[in-house]
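To start, the structure itself, in structure tokens.
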């Protein structure tokens with residue numbers, strides 16, 4: 001049983017807006033949703049985090065509907081350097097996991113073309 | 001500079017030869033964790049530690065050991081490596097291991113077991 005579900009891959013062109021959706025049906029009441037970005041041969045790095053509605057920072061926006069069973073990472077006007085794998089992260093509470101058992105999904109590989 | 005340091009960056013070994021991958025953080029974080037990354041499988045948690053002398057299994061702990069004798073270090077030990085442990089390994093840390101905290105990752109260790 002997957003904790004989160006994301007598309008395996010997405011393609012885009014420079015200058016376009018990209019939206020990546022993550023499903024997390026078993027999200028717990030107190031859980032936040034966090035997104036990470038990973039470039040090849042590097043460790044993931046934090047992009048954005050939110051609990052509900054909308055969060056925006058200098059890199060991306062995060063949209064979370066009222067039922068919180070999904071979230072959408074929005075990257076405005078992508079460039080070639082945004083080519084990376086994007087991970088959606090929520091807790092493992094559905095398995096009775098402890099606070100420490102943080103589960104990553106399989107990630108979405110975004111390819112930005114010129 | 002706040003960072004998570006892993007060593008070595010690359011390691012080639014043979015089946016059955018014990019090895020240790022070191023991980024150190026300089027942020028006084030209580031939570032540390034190890035992940036492995038394989039093509040098509042994303043990031044999978046091996047072990048994590050909520051504090052000194054407190055460790056617990058993640059999703060794929062078989063064949064691995066860890067220890068947390070001091071806060072800054074969290075080595076990953078492979079007592080008898082096998083080829084199926086060939087993978088890219090990442091160490092990560094956060095302040096307390098809360099789901100709402102930012103995870104800091106190391107640069108990774110590429111392990112090949114022949």
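The values are calculated or read from the model by the stated rules, or taken from the named source; none is laboratory data. Everything numeric here is computed off the predicted structure, so don't read it as measured data. Positions of Cβ are backbone-derived with ideal geometry, glycine not excepted, and every protein chain shown enters the neighbour counts.
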Response to the item:
By residue number, the members of segment A:77-102 that are within 14 Å of chain B (Cβ to nearest Cβ), at pLDDT 65 or above and either assigned to a helix (DSSP H, G or I) or crowded, with 23+ Cβ neighbours inside 10 Å (or both) are A:86, A:87, A:88, A:89, A:90, A:102
Practice prompt. Looking only at segment A:43-64, count how many residues are in contact with a strand residue (DSSP E or B) (Cβ under 8 Å, 6 or more places away or on another chain), more than 14 Å from chain B (Cβ to nearest Cβ) and surrounded by fewer than 18 Cβ atoms within 10 Å (Cβ to Cβ).
Written response: 5
Worksheet item: Is it true that residue B:5 is more than 10 Å from every other protein chain (Cβ to nearest Cβ), under 14 Å from the mean Cα position of the chain (by Cα), in contact (Cβ under 8 Å) with a residue 60 or more places away in the chain and loosely packed, with under 15 Cβ neighbours inside 10 Å?
Response: yes
Discussion item. Considering only residues that are over 13 Å from the mean Cα position of the chain (by Cα) and either more than 16 Å from residue B:94 (Cβ to Cβ) or within 12 Å of chain A (Cβ to nearest Cβ) (or both), which ones fall in segment B:43-58?
Written reply: B:50, B:51, B:53, B:54
Item to complete: From (1) closer than 26 Å to residue B:108 by Cα; (2) without any contact (Cβ under 8 Å) to a residue 24 or more places away in the chain, pick out the condition that doesn't hold for residue A:89.
Response: (2)
Worksheet item: Of the residues that sit in segment B:22-40 and are farther than 11 Å from residue B:88 by Cβ and surrounded by fewer than 20 Cβ atoms within 10 Å (Cβ to Cβ), which one is farthest from the other protein chains (Cβ to nearest Cβ)?
Response: B:28
Discussion item. Quick check on this structure: which one of B:76, B:99, B:43 is modelled with pLDDT of 95 or more and crowded, with 20+ Cβ neighbours inside 10 Å?
Written reply: B:76
